[in-house]
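Here's the structure, in structure tokens; my notes come after.
The values are calculated or read from the model by the stated rules, or taken from the named source; none is laboratory data. No experiment lies behind these values; they were computed from the predicted model shown. Methodologically, a virtual Cβ is constructed for each residue, glycine included, from the backbone with ideal geometry; neighbour enumeration extends over all protein chains shown. We work out accessible area using only protein heavy atoms, side chains counted, and drop any ligands, DNA or RNA first. Shrake-Rupley method; radii C 1.70, N 1.55, O 1.52, S 1.80 Å.
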Amino acid sequence: YSPVVFPLSCAVQNYSWGKVGLESEVAKLLTSGDPLVQIQPDRPYAELWMGAHPRGDAIIRDNRIPQKTLGQWIANNPACLGTKVKDTFQGHLPFLFKVLSVDTALSVQAHPNKELAAKLHAQFPEHYPDDNHKPEMAIALTPFEGLCGFRPVEEIVSFLQNVPELRALIGEVAAEQLERSGSDDPRGVSAALRVCFTRLMKSEKKFFVDQLNMLVKRISQEAEEGKDTSGSNGELLLRLHSQYPGDIGCFTIYFLNLVKLEPGEAMFLGANEPHAYLRGDCVECMACSDNTVRAGLTPKFIDVLTLCEMLNYTPAPSSSKIFPAVQSQLDPSVYVYDPPVPDFTIMRIEIPASIKLYLISAMDSASILLVIQGTAVGTSTAAASEMSLCRGSVVFISANESISLHLSSPDGMLLFRACCLL
């Protein structure tokens, strides 16, 4: 008999933008989940990958199971996905679940829709490794900041009037076109926005570095004199410039919304939505893909033309980027984040201290469970033995299986569960 509910050891990605050592939520979860893990104090711990992605396939921690990794196990036991999920996604787990700990900004990027992904993968497989779309959702664990989507036009116009260096890069003709575009003509607004953003992103390197240095110098002086630099978004500009000096991405703060999430708040990033995470810790779920089109705040391959062509140029206020969680009608401990794509759904499970026995319910989809706070012993007919769960534990649950949690922590528990609700 082979268990179909089992704990996982997950892959870590040490990207340079990650928080270092035990400042990183990823590192903290790793050490709590496995005290034998050695955390190096000067190394970035950027991402924890919970899933079956070939570049970070989770290892199964149950010696009764012959397969070593989750990907191998699912390939041999595709029914574990649930009938609908298995058929819709050709026997693959359709999502990748992550924890991110962001110290310095990630690149300004967008993810293609399926049609563009197929085209990019066919043309440039070395940069676009698969043909899938990559919608993603981030839920804050600590206060979290990111750039997301185009700002309302009046905010961009205000920056064009307050930041002469920005206006110089975009040029008078494009700036005036945006200033004249009226809210009664959304297609005209989007067209003007596309021209302005493309002009910015394609400006000559020497020219934009000179303008950026002038802007940084001016804002630094104003800040030293105690002046208010918010009209030029001064504080964020200086922070990004200190992380990526001379990078065109610094100017994108004048076009994109700054979105601030409190713990438990989420943002959903659909296809073609420009974004860049800036700082904080989050759980993230996405369709299983690595396709990213980048254009700034990064040393990686950048593809400005593709990015400027593909973006969604619809302006909207930053408040509209916060994606609401819906409390479950069936279970008040569960809050559901259900994005407008079929690939994944996330549940936040907050078990109050008064509850000592809690059922992680069965569903018709494989799911991955992450413990953020609290301790419990989990029993499941499908696991055939007890599992001790604590902060950092990650468990794979096959479709139509449940786990009973016997809580042992005085403060209740906080868990996140990723699944696919077709």
Where residues in the range 278-303 are open to solvent by less than 10 Å² (accessible area, probe 1.4 Å) and modelled with pLDDT of 95 or more, which of them is nearest to Lys119 (Cα to Cα)? Met286
Subset of the range 260-277 (residues that are outside any loop (DSSP other than H, G, I, E, B) and farther than 18 Å from Phe197 by Cβ): Lys260, Leu261, Ala266, Met267, Phe268, Tyr277
Please enumerate the residues belonging to the range 80-111 that are in a helix (DSSP H, G or I) and open to solvent by 40 Å² or more (accessible area, probe 1.4 Å). Thr83, Lys84, Lys86, Asp87, Thr88
Search result, residues across the range 66-79 that are aliphatic (A, V, I, L, M), open to solvent by less than 10 Å² (accessible area, probe 1.4 Å) and touching a helix residue (DSSP H, G or I) at 6+ places or on another chain (Cβ under 9 Å): Ile74
Condition check for Leu238: farther than 20 Å from Val173 by Cα, within 29 Å of the chain's Cα centre (by Cα) and part of a helix (DSSP H, G or I): yes
Go through the range 315-334 and give me each residue that's more than 16 Å from the chain's Cα centre (by Cα), over 27 Å from Lys86 (Cβ atoms) and in a strand (DSSP E or B). Gln327
For the range 112-131, give me each residue that is closer than 21 Å to Cys420 by Cα and either open to solvent by 20 Å² or more (accessible area, probe 1.4 Å) or modelled with pLDDT of 95 or more (or both). Asn113, Lys114, Asp130, Asp131
For the range 359-373, what are the residues that are open to solvent by less than 20 Å² (accessible area, probe 1.4 Å) and either touching a Ser or Thr at 6+ places or on another chain (Cβ under 9 Å) or aromatic (Phe, Trp, Tyr) (or both)? Ile360, Ser365, Ala366, Ser367, Leu369, Leu370, Val371
What are the pairs, 6+ residues apart or on separate chains, where a residue within the range 231-254 that is over 19 Å from His275 (Cα atoms) has its Cβ under 6 Å from a residue that is open to solvent by less than 10 Å² (accessible area, probe 1.4 Å) and of a type outside the set (Phe, Trp, Tyr)? Ser232/Val163; Ser232/Ile219; Gly234/Ile219
Of the conditions (1) over 27 Å from Gln109 (Cβ atoms); (2) touching a Lys or Arg at 6+ places or on another chain (Cβ under 7 Å), Met387 clears all except one; give me its number. (2)
Restricting to the range 50-77, give me the number of residues that are under 11 Å from Phe396 (Cα atoms), aliphatic (A, V, I, L, M) and either at pLDDT below 95 or in contact with a Phe, Trp or Tyr (Cβ under 8 Å, 6 or more places away or on another chain) (or both). 4
Whichever residue in the range 241-259 is open to solvent by less than 50 Å² (accessible area, probe 1.4 Å) and among the small types (Gly, Ala, Ser) and, among such residues, is nearest to the chain's Cα centre (by Cα): Gly249
Only one of (1) over 25 Å from Val395 (Cβ atoms); (2) among the basic types (Lys, Arg); (3) touching a residue at least 60 places away in the same chain (Cβ under 8 Å) does not apply to Lys119, and that is (3)
Taking into account only those residues within the range 260-272 that are over 12 Å from the mean Cα position of the chain (by Cα) and open to solvent by 10 Å² or more (accessible area, probe 1.4 Å), which is modelled with the lowest pLDDT? Ala271
